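A.B. asks: Got a structure for you, written out below as structure tokens; questions coming shortly.
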Amino acid sequence: MAVIDMPARTRVAILGCTGSIGTQALDVCRQHADRLEVVALSAHSRTEDLVHFAREYGARHVAVTSEGHCGDAVLSELPATCSLHTGPRAAEELAELEDVDVVLVAIVGAAGLSASHAVLKSGKRLALANKESLVVGGDLLMPMVQPGQMLPVDSEHGAIFQCLLGEDAREAHCIWLTCSGGPFYGRTLQELADVTRCDALAHPTWNMGAKITIDSATLMNKGLERIEAMHLIGMDIDRINVLIQRESKIHSMVEFEDGSVLAHLGASDMRIPIQYAFSYPERWSTPAPRVDFRQIAQLTFGAPDMESFRCLKLAEIAGKQGGTLPCVLNAANEVAVDAFLHDACTFTGIADVVESCMDAHDSQSVESFEQLADVDTWARERARGIISSRF
Ligand code: NDP
Ligand code: MG
């Protein structure tokens, strides 16, 4: 695998620095201040945190993407040497800066797509946490990727990337994409009907942003990850098997044509894949806890229940059909999850909304970012209409 040359101290931009991935990335930068320099930071609404981080890390550029927060008074406390970019294009502007080597896109949702596109266009390394970029725009983004330019941060995809190092991806027979099963593992569809927001926000393994936490409870997250893997590896979705691995110690596996299976194991700590996306091809020390395998009594495996966790099935349909259908799946899901978080949609209603939007869409092949933006807008309006009429 080729490597994009990095200077002695890599200049990092973190888009979505106020979120779960963003703050863990800042922690990695703090641990490795001799190797990583935080140059640019973006936030959407949490401007107080943004200003705090900009001061702590001496960032030279910051961006605020939410129009409603571009004029927040706290922004006047930014250091005089720090330039402020505002508005919906502000994160892309950071991605295009001359004095940045690697951009972590840790924005949540399809809002991250344009930033990922800007990073690839600029030729910089893209550390990609924002899986929705590939789910929605994989057909357009992947042909732009130079060898070694895109480093997946999603733990499963980081694991697959590492299992494929030195291998020929065409000799991979299938992928075992692992999944904790989420907080409702083993429940039937009926038992899922009265799940509350609080129940769903309590993920057993990972401490993440609200949207991905709900996606992990519905298993939409794993459905999105299958589509993400499809694009990253260039493999049909049928050969990307979801495997329940309750202990979350195996982060994914690649099975090769000769029957050999390579697995990536380690602690459930996102700082490890975030750091690797910065350090690749090197490996640096980590403060993350290490796994003592002598203390693990057993590793358990199982198949997912696609009848109860319908989002996983819907993502499979979208991945198989391809074109603009994954864009609809994603946009409808974002709206339904947001409604669920605001008590405006039930837990099982999320899949109903997504399915209705997918059924109403005539999938086309993906031609442009403008077309994807139109489809995204259509699906969001449709999803909002369904939610306001049904729930
Ligand atoms: P969070 O919700 O914790 O953080 C999201 C970040 O995106 C915040 O900085 C937020 O800014 C910013 N943001 C929100 N909306 C917009 C927008 N419209 N435009 C620009 N920026 C926006 O999410 P996570 O950190 O959990 O997840 C980020 C991404 O990483 C997601 O795509 C997720 O799927 C992926 N991921 C996350 C993992 C995790 O462990 N959390 C694991 C693997 C992948 P603000 O807070 O200022 O409003
Ligand atoms: Mg993941």
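A.B. asks: Could you identify the single residue in SER155, SER133 that is more than 19 Å from ASN333 (Cβ to Cβ), modelled with pLDDT of 95 or more, of a type outside the set (Lys, Arg) and within 12 Å of the chain's Cα centre (by Cα)?
C.D. replies: Only one candidate qualifies: SER155.
A.B. asks: Hey, another quick one. Looking only at segment 286-315, which residues are among the hydrophobic types (A, V, I, L, M, F, W, C) and buried (at least 18 other Cβ atoms within 10 Å of the Cβ)?
C.D. replies: ALA288, PHE309, CYS311, LEU312, LEU314, ALA315
A.B. asks: Take segment 18-50 and flag every residue that is in a helix (DSSP H, G or I), of a type outside the set (D, E, K, R) and more than 15 Å from PRO287 (Cβ to Cβ).
C.D. replies: Result: SER20, ILE21, GLY22, THR47, LEU50.
A.B. asks: Residue pairs, Cβ under 8 Å, 6 or more apart or interchain, first in segment 130-146 and within 16 Å of ligand 1 (Cβ to nearest atom), second aromatic (Phe, Trp, Tyr). List them.
C.D. replies: Going by the 8 Å Cβ cut-off, the qualifying pairs are GLY137/PHE369.
A.B. asks: Turning to a different aspect of this structure: Identify the single condition in (1) in contact with a Ser or Thr (Cβ under 9 Å, 6 or more places away or on another chain); (2) surrounded by fewer than 18 Cβ atoms within 10 Å (Cβ to Cβ); (3) not in a helix (DSSP H, G or I) that ARG283 does not satisfy, given that it satisfies every other one.
C.D. replies: All conditions are met except number (1).
A.B. asks: Which condition number in (1) away from ligand 2 (no atom under 16 Å from the Cβ); (2) modelled with pLDDT of 95 or more; (3) within 20 Å of ILE227 (Cα to Cα) is the one that LEU165 fails?
C.D. replies: For LEU165, the exception is condition (3).
A.B. asks: Just one of (1) over 21 Å from VAL261 (Cβ atoms); (2) away from ligand 1 (no atom under 16 Å from the Cβ); (3) in a helix (DSSP H, G or I); (4) not polar (S, T, N, Q) trips up ALA200, so point out which.
C.D. replies: Here ALA200 clears every test but (2).
A.B. asks: Right, something else. Please go through segment 117-129 and give me each residue that is away from ligand 1 (no atom under 16 Å from the Cβ) and either within 27 Å of GLY181 (Cα to Cα) or surrounded by fewer than 18 Cβ atoms within 10 Å (Cβ to Cβ) (or both), ordered by number.
C.D. replies: Of everything in segment 117-129, those that are away from ligand 1 (no atom under 16 Å from the Cβ) and either within 27 Å of GLY181 (Cα to Cα) or surrounded by fewer than 18 Cβ atoms within 10 Å (Cβ to Cβ) (or both) turn out to be LYS121, SER122, GLY123.
A.B. asks: Then there's this: Out of the residues in segment 210-266 that are part of a helix (DSSP H, G or I) and surrounded by fewer than 18 Cβ atoms within 10 Å (Cβ to Cβ), state the one that is nearest to ligand 1 (Cβ to nearest atom).
C.D. replies: Out of the qualifying residues, it is ALA210.
A.B. asks: Sort out which residues of segment 139-168 are part of a helix (DSSP H, G or I) and loosely packed, with under 14 Cβ neighbours inside 10 Å, and write them in order of number.
C.D. replies: Result: PRO143, single match.
A.B. asks: Report whether or not ASP215 is under 23 Å from ARG197 (Cβ atoms) and out of contact with any strand residue (DSSP E or B) (no Cβ under 9 Å at 6 or more places or on another chain).
C.D. replies: In short, yes.
A.B. asks: Out of (1) among the small types (Gly, Ala, Ser); (2) in contact with a strand residue (DSSP E or B) (Cβ under 7 Å, 6 or more places away or on another chain); (3) under 30 Å from VAL12 (Cβ atoms), the odd one out for ALA303 is which?
C.D. replies: Result: ALA303 passes all but (3).
The rows are residues; the columns are (1) under 30 Å from LEU26 (Cβ atoms); (2) touching a Leu at 6+ places or on another chain (Cβ under 8 Å).
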| site | (1), (2) |
| --- | --- |
| GLY234 | no, no |
| ILE244 | no, no |
| MET253 | no, yes |
| ARG271 | yes, no |
| ARG294 | no, no |
| VAL328 | no, no |
| ALA331 | yes, no |
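A.B. asks: Yes or no: segment 222-244 includes at least one residue that is within 12 Å of ligand 2 (Cβ to nearest atom) and either polar (S, T, N, Q) or over 18 Å from the mean Cα position of the chain (by Cα) (or both).
C.D. replies: Scanning segment 222-244, I find no residue that is within 12 Å of ligand 2 (Cβ to nearest atom) and either polar (S, T, N, Q) or over 18 Å from the mean Cα position of the chain (by Cα) (or both), so the answer is no.
A.B. asks: Take LYS121 and decide whether it is part of a helix (DSSP H, G or I), within 16 Å of ligand 2 (Cβ to nearest atom) and closer than 22 Å to ALA43 by Cα.
C.D. replies: For LYS121, the condition - part of a helix (DSSP H, G or I), within 16 Å of ligand 2 (Cβ to nearest atom) and closer than 22 Å to ALA43 by Cα - is not met.
A.B. asks: One residue is enough: does segment 300-320 have a residue meeting the conditions in contact with a Ser or Thr (Cβ under 7 Å, 6 or more places away or on another chain), touching a residue at least 40 places away in the same chain (Cβ under 8 Å) and assigned to a loop (DSSP other than H, G, I, E, B)?
C.D. replies: yes
The values are calculated or read from the model by the stated rules, or taken from the named source; none is laboratory data. Since the model is a prediction, treat every value here as computed from it, not as a measurement. No Cβ is skipped: glycine too gets one built from the backbone with ideal geometry, and neighbour counts run over all protein chains shown.
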